[in-house]
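Read the figures in this text as sums done on the coordinates, not as results from a lab. Only a predicted model underlies this, so the values are computations on that prediction, with no experimental measurement involved. Neighbour counts run over all protein chains shown; Cβ positions are idealised from the backbone, glycine included.
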Amino acid sequence: MANKGTCKAKDCNREAVARHYCRMHYRLWRHGEMPKPRYRTCTFEKCRKKRVRGSLCEEHWTARHGKAAAAAAPSAPAAPTAPAAESA
């Protein structure tokens, strides 16, 4: 197997395995824990989850917009109820 060089992470001299990272740094990159993750992450403080809507992950978007969005959405009309029969 051809030598791919050393890991491109700062202060790491291990052998590069994938995408110019060693095994440890590649795993961190895949999980979005490196300074430059493989996908855009949520902008909420210390959240490293993948963005889903706008700049937030699903959890933080629902927390911020979920209740307001549910209240603004038109609700289904209520089913008509049968009149109660009066007993004498």
Summed residue charge, Cβ within 15 Å of Arg14's Cβ, Lys/Arg positive, Asp/Glu negative: +4
For the stretch 4-9, Karplus couplings with θ = phi - 60° (6.51, -1.76, 1.60), whole Hz, Gly/Pro x: 8, x, 10, 4, 8, 5
